[in-house]
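Reading through the structure tokens given below for one structure.
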Amino acid sequence: KFTSPLKNKLIYVEKSPAALRSPKLRKRVVMYVNNDKGELIKLKIPKSCRAIIIMNIQSYAGGHRLSNEGSSDDGLVEVIFVSNLVRAVTSLSVGPILPFFLFKVGAQTNKVCIRTKCPLHFQVDGEPWLQEEGVIQIKFHSRNAILEKENNGANCGCMGNGNDNVEYSQ
């Protein structure tokens, strides 16, 4: 169990070698995003994808830029697909000097709906948890200093029922 930030970091160090052989997500996750017209469309997950990063602040892991696209005040979140740990570390370390190592953004949208088909490890604002099969909705709401949990009865539409009504807004 994750009980403290220090313990979490020690667990990350211990588990990092396992990240090199983490499972591919294409058959484990279905992702929907809003297009320019506000319609929810299925986003194709690359075959080699092992991690998905959704961000709005254009920095990750202590201020590192992953992409040159997007802005914190454009009302959109960026979806980035990561194929492996080595590629991610390379981008974080040499991306500022060699911009061609930065990630390409898979989508820029104001709403993301992720449907997990099996238990998967997630992280929000650096805090990890094991997500059971279900739906996660991420919607750009406004500029807040923290993520806030909303229970508004809204459904992203990717499941077809009204049971999935939690949004995380930033």
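The values are calculated or read from the model by the stated rules, or taken from the named source; none is laboratory data. Note that this is a predicted model, so its numbers are computed, not measured. Note that we place each Cβ from the backbone using ideal geometry, even for glycine, and neighbour counts take in every protein chain shown. Quick note on the areas: whole protein, heavy atoms, side chains included, nothing else; ligands and nucleic acids left out. Shrake-Rupley method; radii C 1.70, N 1.55, O 1.52, S 1.80 Å.
Annotations
- Residues (open to solvent by 30 Å² or more (accessible area, probe 1.4 Å) and either under 13 Å from residue 53 (Cα atoms) or of a type in the set (Asp, Glu) (or both)) located in region 112-137: 121, 122, 123, 124, 125, 126, 127, 132, 133
- Selection of region 24-61 for residues being open to solvent by 30 Å² or more (accessible area, probe 1.4 Å) and either in contact with a helix residue (DSSP H, G or I) (Cβ under 9 Å, 6 or more places away or on another chain) or within 16 Å of residue 120 (Cα to Cα) (or both) yields 24, 26, 27, 28, 50, 51, 52, 54, 60, 61.
- Residue 102 modelled with pLDDT under 85, out of contact with any strand residue (DSSP E or B) (no Cβ under 7 Å at 6 or more places or on another chain) and surrounded by fewer than 18 Cβ atoms within 10 Å (Cβ to Cβ): no
- Qualifying residue in region 148-161 (condition: part of a loop (DSSP other than H, G, I, E, B), in contact with a Lys or Arg (Cβ under 6 Å, 6 or more places away or on another chain), surrounded by fewer than 17 Cβ atoms within 10 Å (Cβ to Cβ) and modelled with pLDDT of 80 or more): no
- Selection status of residue 113, modelled with pLDDT of 60 or more, under 18 Å from the mean Cα position of the chain (by Cα) and part of a loop (DSSP other than H, G, I, E, B): no
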